[in-house]
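Read the figures in this text as sums done on the coordinates, not as results from a lab. These figures come from a predicted structure and were not determined experimentally. Glycine gets a Cβ as well: all are built from the backbone with ideal geometry, and neighbour counts include every protein chain shown.
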Amino acid sequence: MTANADVIAAVQGKFPSATPRASADWPALNVPAAEAIAVLRHLRDALGFDYLTDLTAIDWTAEQSPRFTVVWHLYSGTQHTYVRIAANCADDQAPAMPTTTGLWPTADWHERECYDMFGIRFDGHPDLRRILMWEGYPYHPLRKEFPLAGLPTELPDAEISAETHTPVIAAPMAGGPFVATPGEPMSEAEPRAKDEAWNEKREKPANA
């Protein structure tokens with residue numbers, strides 16, 4: 001096991017290509033994508049970082065290359081500390097990274113979410129499909145070009161479209177901005193989207 005202050009040195013001792021990454025909290029390293037799995041395995045097996053707490057990505061904008069960076073957050077159950085590992089995707093148009101499902105089974109859903117939201121593929125993933133949006137959804141909502149208010153999109157379910165009387169929705173979750181009415185009882189003060197045209201109220205059936 002390695003003390004928190006020695007994590008970076010311990011990783012660099014085995015992987016000289018790893019470089020310290022600016023971080024305001026925990027030790028952080030940039031590593032080449034080709035070495036990411038080996039570095040993560042070393043952190044798990046040799047340095048005690050046995051738990052994958054999170055896997056996400058950064059879209060630096062289409063004007064920057066490399067555009068996408070995948071980030072892993074690991075936790076040590078014995079040292080009670082974290083480490084952050086980041087690797088750039090080599091291809092800006094078809095970003096990809098090796099899967100970590102062989103190291104942590106919980107990476108399955110993390111990687112599916114990252115694929116869904118950013119469009120980053122994880123090579124070797126056993127079941128890489130969307131987890132929040134439906135198959136065939138044409139966008140990746142956490143990419144920089146996706147507007148905060150969303151984009152009009154046809155609903156895939158004809159029954160849902162008929163019930164809402166509209167074939168499109170503005171965004172996956174109403175699009176915002178979200179507001180609450182001052183003075184409402186707390187039980188009724190849940191924020192609502194200003195534009196709820198897609199979610200119009202419908203009369204309940206007589207026998208409901």
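Quick notes
- Two-site label geometry, E63 and D6: point separation in nm, points 7 Å out along Cα→Cβ: 4.5
- Summed side-chain charge close to P98 - residues other than P98 whose Cβ falls under 13 Å, Lys, Arg +1, Asp, Glu -1: -1
- For A57, residues with placed amide H under 5 Å, excluding near neighbours: V71
- I85, I8 arranged by Cβ crowding within 10 Å, fewest neighbours leading: I8, I85
- Distance between the modelled labels on T106 and D127, one decimal in nanometres: 1.8 nm (7 Å Cα→Cβ projection).
- D91/E35 FRET efficiency (R0 25 Å; Cβ-Cβ; nearest 0.05): 0.90
- Rounded if a/c under 1.5, otherwise prolate or oblate - segment 32-93, Cα gyration tensor axes: prolate
- Rg to Rh quotient for segment 4-123, alpha carbon positions, Kirkwood Rh: 0.95
- Amide N of segment 30-52 lying under 13 Å from the label point, which is placed 7 angstrom from the Cα of T78 along Cα→Cβ: 43-51
- For the pair D54 and Y137, label points projected 7 Å from Cα toward Cβ lie 2.0 nm apart.
- Going from the fewest other Cβ atoms within 10 Å to the most, the residues E111, E63, E145 appear in the order E63, E145, E111.
- The phi-based Karplus calculation (6.51 cos²θ - 1.76 cosθ + 1.60; θ = phi - 60°) puts the 3J(HN,Hα) values of segment 113-123 at 5, 5, 4, 5, 7, 10, x, 8, 8, 10, 4 Hz, whole numbers, x for Gly and Pro.
- Neighbour-count ranking [beta-carbon atoms within 10 angstrom, fewest first] of M97, M117, M133: M133, M117, M97
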